[in-house]
Amino acid sequence: VIWAPPQGVDSWTGPGEVLFIVHLTDGSGAYVQVQAPSFDVRFPHETAWYVRKTLTKRWRTLENRIKSQTEENESDFEQEKSLGAAKLPRAKEEGAVVKDEKSEETTRNPSIKKGSASGGCCGFCCSPHGSSSKRSKKQRDKHDDERELDATTGAGAPIFVTQHAFVCRLRKRGSHLYDRQQTQNWYRAVLRKFADVQAYPRHEAPEKDLNNVKAFVMSRFMNVRESLRAGENDHPAGLFKGHVSVTQLDEAAAKTAKEGYTKGGVPKPSLPMDNLWISTTVHVDVYVLTLRGITPHRRHTGNLKLRPRLELDGIRQAETTDEVAVPEGKSDANFYWHGFFNTSMPGAAELVIGIYDQDENNVQMLGSSSMDLEDRWLTLTQRQFQQSAMKEYLEQAGAPPTTLILDRPKDKLEGKIWRDPFKPKVEELAKATDEIEMGDVSIVPQTPPQPPLPIETRNLLFRDATTDLETTVGVLRYCIEMTPLAAMPAPKYSLGIPEEAFTITVTIWRVSNISVFRDAGQRNDVAVLGRLLVHDSQNQEAHFDRATDTHSWAHKEASFNYTWSFQVKAPVRACMLALKLVDKDTYTSDDLIYAPVLVPLDHMFHLAYKNKKMKRKPLGVNKEVIIFDEWPADLADDSKIPESSQICPLFMCCAHCCRCVMYYLCCLLTCGISARCFKRRRGPAARPSPSFLNIGIEITPQEGGTMPAECEQFQEPAGRIGWQTGLKNPILLMVSACGRRNMMLCCNLCCVLLVIAMIVLAGLCIIYIANVKSIFE
């Protein structure tokens, strides 16, 4: 770090302010400015923030977990190959739940608790099995985000924070071009360090406030500005600029000047440097960003095809060939175009940023925004001269106070190894006692470079040629950078992030533990519906719908073995997968079995994009278990009763009658005291019994070739029941078609009828025996 602000400066007024300057020692000798970032997230293409790292989850924790899952699958396959398929039972699907060895050992030894730790440690570094137990080769260490919570208290193990650690790390995605102030008044933003400019009265109208502040600033070095007119119509033919200064003279100076005039002399002229009139070749970079609130003139109808153009004093300087389409009814356009040219200052003055519409016949101007580059260049030069002579500014921004000598550390730092911070050996050059060695750095007092010029927001105006009236047709955002050609190269900014095409593959394996039934007989015709919601970097929304086939007559479980494929370009602002479990109906609309669930894919997508840019291997398949544990919105409250608390319909009436008789009888005998012993009827449950959907998600870059199918069943699912099942197992077909609950009701009814028949038969036998006995008597 070769420059840092004085110790009294601990805050910065806005984005673009220089925090410190770093001198790279990698051989390039470059100087890097670290500036205050922008936190304006209104334009996602320009500035976006994402969570890079937290205290409990690292950036590549997901990648490590996917690798561990892949290693486990490979070890299972090798073990099965060596022992034989008959000796090693495997799950039917990849998503099937297999009982872990750790849970088995916990069951055998009740003293072991989940998430327990010994010796006051955080619990993440100690084995829960103790030091004497040997870990199985198949079992792996769980990552921080996979640690299970304590079932008794609901709390996890204490989090251990090391010295110099952090809680959350955010990283900015976007170009450094947008780390600058945004304003409607260029002169106020550029001269914000000058108290007299900031104290100048503000006007409510932005354009009038800009003109007022500009006139106040230009009055110091250019107070003459008149139009040159010619012809009978007094048509403007040019702009005359100059400066008039009046100085009061005393008697002696006036007498000397008068004598000079009488002798044929002339007064001593002022130098051009006094008014900053020095010819300089300047490189101008113009960044046209966005156009909002488009209200085109009546000549522009239908869809618009817009492109920006730069003109300097009526001469075209730059124009893009890429057109931005704006459909009818839309009012926003994103250009993010960079145009540049060279000019002399003072010289050509008026820069016009025009937005043109390409219709079927010709090109028409939608609107334009103009500014005087000469005035801006002279203002920047005046700012530099004034700040170099301001004592207050030099004291606040200049650092260090005197020239210092920094003794560079002799130890070479290799790799990403944390080194505790230490106070460097710094001493003043005037008081230095040791000899200056090779590698020592001298830090001289200096002021920081000026912050970048602001992003401007100006009205886009359309001038009617017949009436000569101007109307506002939109709001244009742009940025202009001016660099002397002798100080080149100018800073290079990228206007966007390169896009990469990716394929998102979602594998739907099976659904288990279904507890909500929408058809009679406690069964569903289950299908899984998915919608991928994508917000790209241009803030455009897109969605892709996919669906599986139907598992008919499903009870507790349903299997699919389906794959979905989505083609998406990265980077994205947001990416999520909405999943729904529905009951398919032939003649009516589908019924939701559970409330939909959103699966965020932002982290995985961004990680896959980073791996692509860094030329690393793809992530692989991430196996997830999606939990559905919310009632659907269209389900009645009467149906929101847990299965465990439901009574068989045959005995519901008897139980209700017995309850009423017992209630009134007890209240009568105890004078109402026993009423509290009868609990009210249980209402709807807050949540149903959760159901589990096993899926696999893989994000891979597109390398060309054939595109995968959008929906495809790669394997015949197990557990399906159809009419052909009746030939092999008619009882299973009958139970599935009628429903388990209905079959249980039929069985109960048959049992009741059988008991009644047996009682009647026994009564008839008793009556018959009694009659026979009476006859013999």
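Does Leu577 meet the test of being buried (at least 21 other Cβ atoms within 10 Å of the Cβ) and not hydroxyl-bearing (Ser, Thr, Tyr)? Yes: the conditions hold for Leu577. All of Glu470, Glu456, Glu481 fail the test of being free of Cβ contacts under 8 Å to residues at least 40 places away in the same chain, under 30 Å from Leu380 (Cβ atoms) and touching a Leu at 6+ places or on another chain (Cβ under 9 Å), apart from Glu470. Report, by residue number, each residue of region 321-348 that is part of a loop (DSSP other than H, G, I, E, B) and surrounded by 17 or more Cβ atoms within 10 Å (Cβ to Cβ). Matches in region 321-348: Pro346 only.
Being within 29 Å of Asn539 (Cβ to Cβ), under 26 Å from the mean Cα position of the chain (by Cα) and open to solvent by less than 20 Å² (accessible area, probe 1.4 Å) is a property that does not hold for Val597. Name the pairs whose Cβ atoms lie under 7 Å apart, with the first residue in region 378-390 and over 20 Å from Thr281 (Cβ atoms) and in contact (Cβ under 8 Å) with a residue 60 or more places away in the chain, the second surrounded by fewer than 17 Cβ atoms within 10 Å (Cβ to Cβ) and not β-branched (Val, Ile, Thr), and 6 or more positions between them or separate chains? Hits for this filter: Gln387/Tyr393. Quick check: anything in region 680-694 assigned to a helix (DSSP H, G or I), touching a helix residue (DSSP H, G or I) at 6+ places or on another chain (Cβ under 8 Å) and modelled with pLDDT under 75? No, that holds for no residue. Among the residues making up region 511-532, those that are open to solvent by 50 Å² or more (accessible area, probe 1.4 Å) and either touching a His at 6+ places or on another chain (Cβ under 9 Å) or modelled with pLDDT under 90 (or both) are Arg518, Ala520, Arg531. Residues in region 214-225 that are open to solvent by 50 Å² or more (accessible area, probe 1.4 Å) and in a loop (DSSP other than H, G, I, E, B): Ser219, Arg220, Asn223. Looking only at residues in region 533-578 that are under 30 Å from Ile497 (Cα atoms) and touching a Gly at 6+ places or on another chain (Cβ under 8 Å), the one that is modelled with the lowest pLDDT is Ser537. So in region 9-58, with the set limited to residues that are among the small types (Gly, Ala, Ser) and modelled with pLDDT of 80 or more, which one is nearest to Lys172 (Cα to Cα)? This residue is Ala48. Restricted to region 1-81, the set of strands (runs of 3 or more DSSP E) holding at least 2 residues that are over 26 Å from the mean Cα position of the chain (by Cα) comprises 18-23, 31-35. Residues of region 184-213 being more than 17 Å from Gln450 (Cα to Cα) and open to solvent by less than 30 Å² (accessible area, probe 1.4 Å), which ones? Asn185, Val197, Asp209, Leu210, Val213, listed by residue number. With respect to the conditions (1) surrounded by 11 or more Cβ atoms within 10 Å (Cβ to Cβ); (2) modelled with pLDDT of 85 or more; (3) aliphatic (A, V, I, L, M), Ile766 falls short on a single one, namely (1). Counting the residues of region 450-507 that are surrounded by 13 or more Cβ atoms within 10 Å (Cβ to Cβ) and assigned to a strand (DSSP E or B) gives 31. Counting the residues of region 437-449 that are open to solvent by less than 40 Å² (accessible area, probe 1.4 Å) and touching a residue at least 60 places away in the same chain (Cβ under 8 Å) gives 3.
Could you tell me whether region 212-235 includes any residue that is at pLDDT 90 or above, among the hydrophobic types (A, V, I, L, M, F, W, C) and in contact with a Pro (Cβ under 6 Å, 6 or more places away or on another chain)? No, because not a single residue in region 212-235 is at pLDDT 90 or above, among the hydrophobic types (A, V, I, L, M, F, W, C) and in contact with a Pro (Cβ under 6 Å, 6 or more places away or on another chain).
Taken as a whole, the structure leaves Ile626 outside the set of residues that are over 29 Å from the mean Cα position of the chain (by Cα), among the hydrophobic types (A, V, I, L, M, F, W, C) and modelled with pLDDT of 65 or more. Residues of region 12-31 that are free of Cβ contacts under 8 Å to residues at least 40 places away in the same chain and open to solvent by 80 Å² or more (accessible area, probe 1.4 Å): Trp12, Thr25, Asp26, Tyr31.
Does Ile699 qualify as being under 46 Å from the mean Cα position of the chain (by Cα), assigned to a loop (DSSP other than H, G, I, E, B) and either within 17 Å of Ala527 (Cα to Cα) or at pLDDT 90 or above (or both)?
It is false that Ile699 is under 46 Å from the mean Cα position of the chain (by Cα), assigned to a loop (DSSP other than H, G, I, E, B) and either within 17 Å of Ala527 (Cα to Cα) or at pLDDT 90 or above (or both).
The values are calculated or read from the model by the stated rules, or taken from the named source; none is laboratory data. Predicted, not measured: the structure shown is a model, and the values here were computed from it. FYI the Cβ positions are ideal-geometry reconstructions off the backbone, even for glycines, and counts take in every protein chain you see. Please note that ligands, DNA and RNA were not included when accessible areas were found on the heavy atoms of the full protein model with its side chains. Shrake-Rupley method; radii C 1.70, N 1.55, O 1.52, S 1.80 Å.
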